[in-house]
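Working notes, structure below.
Since every read-out is calculated from the coordinates, none of them should be taken as a lab result. Please read these numbers as outputs of a predicted model, since none were measured by experiment. Glycine also receives a Cβ, built like all others from the backbone with ideal geometry; neighbour counts cover every protein chain displayed.
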Amino acid sequence: MIPPDPAPAAVWPPADAEPIALDLTVHLVRKLPGQHTFVVLPRRWVVERTFAWISKKRRCVRDYEHLPASHAAFVTWAMIHVMVTRLARNTKPAQATST
């Protein structure tokens, strides 16, 4: 019989990693006491819409990546694509010049 390994094979984040300070504020929104019907929760639609935008990209639909950093990179690319598409919508295409 093989004894169990006392330490996990991988720990995330690594112990020697520097902490990342993010200036974020998280607000937890709970159901009202006695609530049994649908009620719109404040700002939740923003989160749901963002998840929908990210899920439109093929690599972000399923968890294909082995490392969290790889998945984070694809989420970043998905959001960059959303922003670039918005910026390109507001510009006129360049006119072809004849010489």
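Relative protection proxy for 38-49, 66-77, 20-31, from highest mean packing down: 66-77, 38-49, 20-31 (other beta-carbon atoms within 10 angstrom).
Of interest is the spacing of the C-alpha centroids, which for region 64-93 and region 41-57 amounts to 14 Å.
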